[in-house]
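Worksheet: one structure, shown below.
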Amino acid sequence: MPAAVRRTAFEAGLAAYANDDFFLAHELLEPAWMGASDLAERELIQGVIKLAAAFVHGARSNPAGIEKNMRGARERLAGAGPAGVRLKVDVPALLATIDGRLAEPLEIDDPAIAIPRQQGAASPQSA
């Protein structure tokens, strides 16, 4: 999948996530993940997919699903390296937020974790 198409899909997925439509975010991000050949980019996108899946489980009142997917998201995002810079996601800040959330008992009605963007990131509306 060409980089521009992946980037558009990624930004659309982040926009859906920001609107708390976690299932749609998962669906929009999946082609970008499957179409990426760069390992770090795949890890980043899959980490965001797993984070979206965590909040799908939250909507379904499944705390075990929240925790499992949040831990999976953390593992994938930790391997994102330079892809975070390329895709303008503040991965260290996101990891710190996930770590903080995992350090406390997870509640079904906890708000979703915002995905922090680096300066110069495209707004979801402009993608």
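The values are calculated or read from the model by the stated rules, or taken from the named source; none is laboratory data. Note that the structure is a prediction, hence the values are computed from the model and not measured. As a convention, Cβ positions derive from the backbone with ideal geometry for all residues, glycine included, and neighbour counts pool all protein chains shown.
The single residue among 68, 50 that is assigned to a helix (DSSP H, G or I), modelled with pLDDT of 95 or more and over 14 Å from the mean Cα position of the chain (by Cα) turns out to be 68.
As for the stretch 15-32, it holds at least one residue that is within 15 Å of residue 84 (Cβ to Cβ) and in contact with an Asp or Glu (Cβ under 9 Å, 6 or more places away or on another chain). Within the stretch 1-41, the residues that satisfy the criterion of being among the charged types (D, E, K, R) and touching a residue at least 40 places away in the same chain (Cβ under 8 Å) are 7, 11, 20, 38, 41. In the stretch 88-101, the residues that are without any contact (Cβ under 8 Å) to a residue 12 or more places away in the chain never reach a residue that is assigned to a helix (DSSP H, G or I) and charged (D, E, K, R) with C-beta atoms less than 8 angstrom apart, at least six apart or across chains. Hey, residue 37 hits all of (1) within 22 Å of residue 1 (Cβ to Cβ); (2) part of a helix (DSSP H, G or I) but one; which does it fall short on? So residue 37 meets the others, but not (2). Here residue 66 fulfils each of the conditions (1) surrounded by 22 or more Cβ atoms within 10 Å (Cβ to Cβ); (2) over 24 Å from residue 104 (Cβ atoms) apart from (2). Residue-level analysis places residue 121 outside the set of residues that are surrounded by 14 or more Cβ atoms within 10 Å (Cβ to Cβ), in contact with an Asp or Glu (Cβ under 6 Å, 6 or more places away or on another chain), among the aliphatic types (A, V, I, L, M) and modelled with pLDDT under 95. Report yes if some residue within the stretch 113-126 is in a helix (DSSP H, G or I) and of a type outside the set (Ser, Thr, Tyr); otherwise report no. Among the residues of the stretch 113-126, at least one is in a helix (DSSP H, G or I) and of a type outside the set (Ser, Thr, Tyr), which makes the answer yes. Can you name the condition, by its number, that residue 107 falls short on among (1) assigned to a helix (DSSP H, G or I); (2) acidic (Asp, Glu); (3) surrounded by fewer than 17 Cβ atoms within 10 Å (Cβ to Cβ)? Only one criterion is unmet by residue 107, namely (1).
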